[in-house]
1. Quick check on the stretch 40-78: of everything there that is of a type in the set (D, E, K, R) and modelled with pLDDT under 90, which residue is farthest from residue 131 (Cα to Cα)?
2. Taking the stretch 128-144, which residues are modelled with pLDDT of 95 or more and surrounded by fewer than 19 Cβ atoms within 10 Å (Cβ to Cβ)?
3. Just one of (1) modelled with pLDDT of 95 or more; (2) more than 23 Å from residue 47 (Cα to Cα) trips up residue 163, so point out which.
4. Looking only at residues that are in contact (Cβ under 8 Å) with a residue 24 or more places away in the chain and either within 20 Å of residue 168 (Cβ to Cβ) or of a type in the set (Lys, Arg) (or both) in the stretch 20-38, which one is surrounded by the most Cβ atoms within 10 Å (Cβ to Cβ)?
5. Can you tell me which residue within the stretch 14-39, out of those that are under 21 Å from residue 64 (Cβ atoms) and among the aliphatic types (A, V, I, L, M), is modelled with the highest pLDDT?
6. If you take the residues in the stretch 59-109 that are over 11 Å from residue 125 (Cα atoms) and basic (Lys, Arg), which one is surrounded by the fewest Cβ atoms within 10 Å (Cβ to Cβ)?
7. Outside the structural domain of residue 96 (by TED's automatic domain parsing), modelled with pLDDT under 80 and surrounded by 10 or more Cβ atoms within 10 Å (Cβ to Cβ): does that describe residue 9?
Amino acid sequence: MVGANYGTATGSSSDMQMDWGTLVPLWFIQKERKLKPKILIVTPSREIPLRKNFVLGQLLGRLMSKDRKRKFVFIASADQAHAHSRTGPYGFSRAAQKYDDFVLGAIRDNNLKRILRLKPKFIEDAKPDSLWQMAILAGINEVVPLRSQLLSYQVPSYYGMACAGFKPN
């Protein structure tokens, strides 16, 4: 799979290429494992309220917990805040580091659900990519108890990057 359909089934604007946030995890899943997994790619819309993404996660968690014969992996792949640098394409906002710190704290404390309390203006100023995927993960964690581990955090240029693992308790 190299793209995702958007809008219509045909035409130059109907096919969206996958980004690195999708391609890199897929590479590890497909190349490093001897499995032939069934893959479902979900790209949550920023237009959907966080609470609805959380509910989607709860539904996915219920499906995962009902099927004891299969193993499931949920990958929430996206950058953190994109406003860390004045020279970056999105400019600078103090909200960027505050957002990243908030998310890192939620991961460390194993309490992703608190991201649902973030205010729209704060989110807009920080310019994250990760919030909607993490809301889904928070919903899964509500149904399938997971323990979190923050593995790394970097700000290589204008955006923050966090890597964390969540494993069943």
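1. Ranking the qualifying residues of the stretch 40-78, first place goes to 69.
2. Across the stretch 128-144, the qualifying residues are 142, 143.
3. Exception for residue 163: condition (1).
4. 25
5. The residue in question is 26.
6. Taking the candidates together, the pick is 69.
7. Answer is no for this residue.
To keep it simple, each residue is scored yes or no on (1) in contact with a Leu (Cβ under 9 Å, 6 or more places away or on another chain); (2) free of Cβ contacts under 8 Å to residues at least 24 places away in the same chain; (3) of a type outside the set (A, V, I, L, M, F, W, C); (4) more than 23 Å from residue 71 (Cα to Cα).
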site	(1), (2), (3), (4)
121	no, yes, yes, yes
124	no, yes, yes, yes
129	no, no, yes, yes
135	yes, no, no, no
138	yes, no, no, no
143	yes, no, no, no
163	yes, yes, no, no
167	yes, yes, yes, no
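The values are calculated or read from the model by the stated rules, or taken from the named source; none is laboratory data. As the structure is a computational prediction, the values presented were derived from the model and not from experiment. Glycine also receives a Cβ, built like all others from the backbone with ideal geometry; neighbour counts cover every protein chain displayed.
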